[in-house]
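The values are calculated or read from the model by the stated rules, or taken from the named source; none is laboratory data. Fair warning: this is a prediction, and the values are worked out from it, not measured in the lab. Heads up, the Cβs are rebuilt from the backbone with ideal geometry, glycines too, and the neighbour counts pull from every protein chain shown. Ligands, DNA and RNA are excluded from the accessible area calculation, which covers all protein heavy atoms including side chains. Shrake-Rupley method; radii C 1.70, N 1.55, O 1.52, S 1.80 Å.
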Amino acid sequence: MMERRIRLAQTIDWWIVALYLIMIIFGWFNVYGASYDYTQTTFWGFEYRSGKQLIWIACALVIAGSILLIDGKIYEQMANLFYWAMLLLLLVTIFIAPNIKGSHSWLVFGPISFQPAELAKLATALALGKFISKTGFSMGNRRDALGAIGLIMLPCMLIILQSETGSALVFFAFFLMLYREGLPGVFLMVAACMVVLFLIIVPLSDLPVYHNVGSLGFMLAFIFILLVVMGCVIAYESDGTTMLHILGGTAVLFAIAGLLNIWFDVQYQIFALIAVIGAAIYLLFLFLYRSKRSYIWVALFAIGSVGVSFSVDYFFDHILEPHQQTRIKVVLGMEKDPKGVGYNVNQSKIAIGSGGWVGKGFLNGTQTKLKYVPEQDTDFIYCTIGEEHGFVGAAGVLCLFGLLFYRIMRIAENQRDTFTRVYAYSIVSIMLFHVLINVGMVLGITPVIGIPLPFFSYGGSSLWSFTVMLFILLRLDMTQKVRFR
């Protein structure tokens, strides 16, 4: 037993443990500050959120210690079983979970609420590590790549069926890990272009001149710019004359489309199809003439861009819930809504701005003490940090996360075992996504989608899930150090 303790102390990454303890302690102080009112006489009582958070923290520390004592090999051995069990639980949750703010994603057991989607991230990370570490796996193999993507999308779709879009979006962070494991960067670029296309089309569709030649030219020009960018990236081995042909030919088609739109008042969608399909046909001809597959990919991207532009309205109006539509419109400046969805963000920005450089001091924040910011101890905990501790405190929190991410990636790159490396990059991708979206929505630069700040936001589900993810990584790293010592 003594030998095991010595080995534990020698192989564990104490930097990560120290960062974890600093963040949960600092997080608790901010939960206490955010939930404190002037009638509160103690922070120990279970009736107060600060008291409940202490219990969650104590349980998290017990969980962390237990994980470190379990043989690390079991996590790889049980990865597939855990994944399919979590899929079954997600499916059952759709039907038995109560309706909480329009979502069926929480299982309630008396005073305790649990969100299976949090542990689904862990299960997916383990399953991906198991799948990618199999002998002969290659992201260049279509079957292997589709298998990895399928493991990500299955829980994502089940969580969407629970009307929990914010948690579902987190699963797209796994594509950052796939990129590290060999997924061509062009896929990430295509995804980024489609997101930008969505953000451009949504504001345009709200304008009264949407069908006029002005917005027509802007829309088609944007699609063409994406086509040219992708063409330059994918077909970089071709000569510049090819790209000039595409540019000139498509520009002529745009001009014809615009003139016909003015003369005959025909809908712009027809000419978008004419312009881009014309370019796609030309690329197909080049493919047949020069036998270069890159031309086919550019053509497919062009057609896909048009498909996205046509489907945005349907997706926005029929797939997204009304409150989700409003959140996106507020971020894009299409609606002000100062007393509705935009109220949280406006009050949050006021709180952060009023903190100045060093903040107003612990328990001295007026916005948070007077409860102007809804959810200020959960999703909007970062505004409490900004108000009470100022720019120094807010920047310090980001620095802590930066150090944590660095240590995790350092562990990942030092691994001789593919399973541990994939799992480590999955964890850092999930945490990075949470931090970027949470801080972004508090600052008003991303939609409010209800994503907590790891180790800081109030709640047991989030704290426990991130604790389990982090300490499983530490245990896997310890196992590898002992194995190769």
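Numerical summary
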item: Segment residue 300-residue 112, extension gain: residue separation times 0.36 nm, minus the distance between their alpha carbons; result: 62.7 nm
item: In Å², nearest 10: area of residue 399 left accessible to a 1.4 Å probe; result: 80
item: Cα gyration tensor category, rounded, prolate or oblate, for the stretch 409-485 with a/c compared to 1.5; result: prolate
item: Highest-first arrangement of 376-383, 20-27, where packing means the average Cβ count within 10 Å; result: 376-383, 20-27
item: Local net charge near residue 20, Cβ-Cβ under 15 Å (Lys/Arg +1, Asp/Glu -1); result: 0
item: Shape of the stretch 120-193, Cα gyration tensor, a/c cut at 1.5; result: oblate
item: C-alpha center-to-center spacing [the stretch 128-164, the stretch 362-418] in angstrom; result: 30
item: Whole-Hz couplings from phi, Karplus 6.51/-1.76/1.60, listed for the stretch 16-23; x for Gly and Pro; result: 5, 4, 5, 4, 4, 5, 4, 5
item: Solvent-accessible area of residue 106 with every protein chain in place, 1.4 Å probe, in Å² to the nearest 10; result: 80
